[in-house]
Amino acid sequence: MNTKLMAKDGFTTLEEVSAWSNNLVGKTTPESPNFKIEKILQFQLVQKGDGYGVMVLVELEKRQSMSSMVMEMRKDLNLINGG
């Protein structure tokens, strides 16, 4: 399992924090474009002056290449031999 600690601040409402956090799952990060965020493992809300910041520990999953996905689909459809 690969994990990554991510942080963001500048939120003015808890709804903004929630929306940003919920939208992470299924996305990639600029620093790790070959991995997608599978789930949030830990969440920490930080009050910063009049606003909020958040730190999340996320689980990353390596993205499959398009050719690997096509080969698996062809194998599943019995279009190629499994061995």
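The values are calculated or read from the model by the stated rules, or taken from the named source; none is laboratory data. Treat the numbers as computed from the prediction; the structure is a model and nothing was measured. Here the Cβ is made from the backbone with ideal geometry for all residues, glycine too, and neighbour counts use every protein chain on show.
Some values worked out for this structure:
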| read-out | value |
| --- | --- |
| Any hit, the stretch 46-63, residues being assigned to a loop (DSSP other than H, G, I, E, B), surrounded by 13 or more Cβ atoms within 10 Å (Cβ to Cβ) and of a type in the set (D, E, K, R) | yes |
| Some residue of the stretch 7-21 being aliphatic (A, V, I, L, M), assigned to a strand (DSSP E or B) and either in contact with a Pro (Cβ under 8 Å, 6 or more places away or on another chain) or modelled with pLDDT of 90 or more (or both) | yes |
